[in-house]
1. How large is ³J(HN,Hα) for each residue in the range 169-177, as worked out from phi by the Karplus curve 6.51 cos²θ - 1.76 cosθ + 1.60 (θ = phi - 60°), to whole Hz, x for Gly and Pro?
2. For the range 381-393, in order, what is each residue's ³J(HN,Hα) by Karplus, 6.51 cos²θ - 1.76 cosθ + 1.60 with θ = phi - 60°, in whole Hz (x at glycine and Pro)?
3. Amide H to amide H under 5 Å from LEU177: which residues, 5+ apart in sequence or cross-chain, H placed 1.01 Å off N in plane?
4. What shape does the range 359-421 have by the C-alpha gyration tensor, where a ≥ b ≥ c are the square roots of the eigenvalues, rounded means a/c under 1.5, and otherwise prolate means a/b greater than b/c and oblate the rest?
5. Under 30 Å Cα to Cα from LYS87, which lysines show up? Leave out anything in the same chain fewer than 8 places away.
6. Full-extension gain between ASP205 and ARG413, please, as 0.36 nm times their residue separation minus the C-alpha to C-alpha distance.
7. Seen from all sides and averaged, what is the projected area of the convex hull of the Cα atoms in the range 155-212, in nm²?
8. With the cut-off at 1.5 for a/c, could you classify the range 297-426 from its C-alpha gyration tensor as rounded, prolate or oblate?
Amino acid sequence: MIDKEDLSFDQTHIWHPYTSLTKPLPTYPISSAKGVRLIMDDGRELIDGMSSWWTAIHGYNVPELNEAANHQLSQMSHVMFGGITHKPAIELCKKLLAITPNNLEKVFLADSGSVSVEVAMKMAIQYQHAKGSANRRKFKTIRNGYHGDTTGAMSVCDPEGGMHHLFSDFVPKHIFLDQPRKRFDEYYDEKEFRELAQFFRLNADKCAAFILEPIVQGAGGMWFYSPDYLKKIKELCEQHDLLLIADEIATGFGRTGKMFACEHANISPDILCVGKALTGGYMTLAATLTTEHVADTICRGEAGVFMHGPTFMGNPLACAIANRSLELLTSSQWEDKIKTIERQLKREILPIANSLNVKDTRVLGAIGVVEMKENVDVPKAQKFFVENGVWIRPFRNLIYIMPPYIIAEEELRKLTHAISAYVQSS
Ligand SMILES: *Cc1c(COP(=O)(O)O)cnc(C)c1O
């Protein structure tokens with residue numbers, strides 16, 4: 001049990017994500033989790049609307065994943081990947097190649113989403129260098145993006161959301177394009193793309209790659225944009241010799257209704273980052289996939305090798321759990337499940353837009369978003385949600401949910417009703 005003294009230690013000494021240690025926000029003690037429920041120290045149960053930030057797609061305490069973890073622990077938890085290989089990593093890379101776009105053939109196992117983005121950016125730089133275009137060192141991207149918190153990843157996050165001015169001279173400056181304005185179900189005509197084409201021509205010869213989150217911009221604003229836009233970006237990248245890096249760390253593994261969000265636009269990136277749901281929320285693990293052409297070019301370059309190799313690369317325990325999680329996913333009726341969740345979210349989330357304090361509501365796959373006109377009072381909202389038996393953590397002016405895929409109709413209704421009740425009470 002966490003007692004008062006523990007909580008006060010936590011508030012005084014432990015940083016939580018994006019928080020202050022002088023004005024700490026309240027934290028809620030959780031002692032276990034099972035299915036779609038988080039169980040608090042005092043025994044209260046909360047229905048989880050967040051999947052622990054996109055990860056716990058099968059829910060918590062999953063017997064199959066526990067079994068995979070226990071089995072792998074009895075073999076080995078970790079061995080170095082330099083000069084050594086093992087079945088869990090080989091199996092995982094085979095599985096990833098089988099479900100990602102066909103042109104992707106080479107896998108780099110990274111230890112977190114941010115690291116997989118660093119790896120992707122370094123791949124692009126090494127690729128251009130090897131091609132004799134060492135001056136191509138900048139990246140193009142769209143505003144309101146989020147790619148992680150390490151320095152390279154941060155440099156391509158939204159400049160305001162990422163407070164780039166605070167880190168100027170430390171974080172490299174890249175080239176930003178306005179975020180796509182058209183919604184997921186809207187279309188572009190060629191005229192509207194003129195500006196985009198112009199943006200691409202500008203400084204194209206200084207750029208290594210274009211990086212974006214396909215279809216769903218996550219932590220930068222929970223925005224869903226038109227597949228037309230993604231198709232056009234792919235086309236322009238080819239025209240101007242930029243690699244396309246798709247950051248599917250949040251969108252991967254079914255969340256948007258397709259296994260990968262790129263499929264909505266029928267495009268294949270040159271480099272793909274996956275993470276978050278890869279181990280079903282059990283452990284940190286990510287991967288960066290690329291094409292034979294990019295890998296070969298890198299390996300023919302000056303370095304002769306790809307210059308990255310983390311200590312916990314290919315961690316067998318994480319790989320073994322990821323393997324079982326992917327088996328669970330691909331052997332389930334996940335497409336039907338996501339469709340069912342999407343239909344219910346559309347019925348129950350979209351009408352919340354009628355409230356005067358709501359700016360917009362939107363749903364895609366198993367993601368539901370209520371965008372308020374004003375910023376949400378997060379501690380107040382969280383308290384309200386916990387009192388109503390649900391776990392939902394808003395940010396800025398966004399109240400959103402992306403529940404585990406195993407959620408039942410009644411449980412999901414409890415989440416959407418809590419959001420609706422909060423919006424009406426605030
Ligand atoms: C969460 C996220 C990351 C960073 O992943 P970490 O595992 O937190 O380092 C990168 N890109 C996107 C799109 C994300 O959602």
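Each reported figure results from applying straightforward, stated rules to the coordinates on display, with no laboratory input. Note that this is a predicted model, so its numbers are computed, not measured. Because the Cβ atoms are built from the backbone with ideal geometry, glycine has one as well, and the counts that use them run over all protein chains shown.
1. 6, 9, 8, x, 8, 10, 10, 10, 10
2. Those phi angles translate into 5, 4, 4, 4, 5, 4, 5, 9, x, 9, 10, 9, 10 Hz.
3. For LEU177, the qualifying residues are THR141, ILE142, ARG143.
4. Cα axes put the range 359-421 in the oblate bin.
5. Cross-link targets: LYS34, LYS95, LYS106, LYS122, LYS258, LYS276.
6. Gain on extension, ASP205 to ARG413, equals 69.8 nm.
7. Details: hull surface 20.1 nm².
Approximately 5.0 nm², given one-decimal rounding.
8. Here the range 297-426 falls in the prolate category.
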